[in-house]
1. Given Cα pairs under 8 Å that are at least 6 residues apart, what percent is the relative contact order of the range 121-263?
2. Mean-square fluctuation check for the chain, GNM, Cα pairs under 10 Å: which of 151, 87, 40 is largest?
3. Once you've got the GNM for the chain with C-alpha springs shorter than 10 Å, pick whichever of 32, 120, 239 has the biggest mean-square fluctuation.
4. Pop a pseudo-label 7 angstrom from the Cα along the beta-carbon direction at both residue 168 and residue 202 and give the gap in nm to one decimal.
5. Any idea what the relative contact order of the chain is, in percent, if you count C-alpha pairs under 8 Å spaced at least 6 apart?
6. Rounded if a/c is under 1.5, else prolate if a/b is larger than b/c, else oblate: which is the range 1-63, with a ≥ b ≥ c the root eigenvalues of its Cα gyration tensor?
7. Is the shape of the range 150-232 rounded, prolate or oblate, going by the alpha carbon gyration tensor and its root eigenvalues a ≥ b ≥ c, with a/c under 1.5 for rounded and a/b larger than b/c for prolate?
8. Give me the Kirkwood hydrodynamic radius of the range 121-263, using the inverse of the mean 1/r over all pairs of distinct Cα atoms, in Å to one decimal.
């Protein structure tokens, strides 16, 4: 079932409002307050919509309010039944420290079409549609993935750019990439925006790899699907609690490698509104007494575009 295009503007308003709510907290050094402002705004806006919504990708469990928690019901209860994935403030450190790339992010799909993922880590790989589907795989050694991408693009390996989070857990893969002499784009936070850099040649990123948040992986997959890109992910369950939550969500094969079409099915809408300016969109600014926001929208049935919104200052 295709989603009504009229929903796009409604959900852009939601992420735009959440981004605007962070404005006064940008650069103030308190990521918790900034995140709460975005979360409260997003919850309030969603609850006003005529939808029968359920959070399948959230920031926590039921007892971790005020975060938008997995299983939370949103909307008036009237209207379409939809699954919702949220990250009210992707890149909390970016917003707190006034660094580029903070976003307010949300994706929706018809009920049952968004993967219900636990809040745990996920191994990820993403490449653009200009790379043959079988050229890369989460199970390939990184050397093979890089060589195959270089061959498919008729580039030298030294011309390939790899984006990944700058984390100690990636030490070994970073060492291998340095031996290969590829170009590294190390990011400190925000792996949704990092993965989306494979969508367009202008960003000069050939592959995104590494381990990051599982919920962010599902949000990323929704956007990459509209761009025709490839994404694979595998959840990492380290504790008994992780395993118990996964089984309660219906995950039977804990080591399964998920293809994009298993994470997001059918039609979806993805919105990412800039809080601080980054590669994808500009951050919130004030002009003529209103907040001005910029949002990246993906929807397979519509043109992928950037939309500017005016949000009243209250």
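1. Once divided by the residue count of the range 121-263, the mean separation gives 33 percent.
2. Most flexible of the set in this elastic network: 151.
3. It is 239.
4. Those two pseudo-labels are separated by 3.9 nm.
5. 21 percent
6. Taking the square roots of the gyration eigenvalues as a ≥ b ≥ c, the range 1-63 is oblate.
7. Judged from the Cα gyration tensor, the range 150-232 comes out oblate (a/c at least 1.5, b/c at or above a/b).
8. Numbers: mean 1/r = 0.0650 Å⁻¹.
Hydrodynamic radius (Kirkwood, Cα only) of the range 121-263 equals 15.4 Å.
All of the numbers you see were taken from the coordinates with simple rules; none came from a lab. Because the structure is predicted, anything quoted here is derived from the model rather than measured. Reconstructed Cβ throughout: ideal geometry from the backbone, glycine too, with neighbour counts over all protein chains shown.
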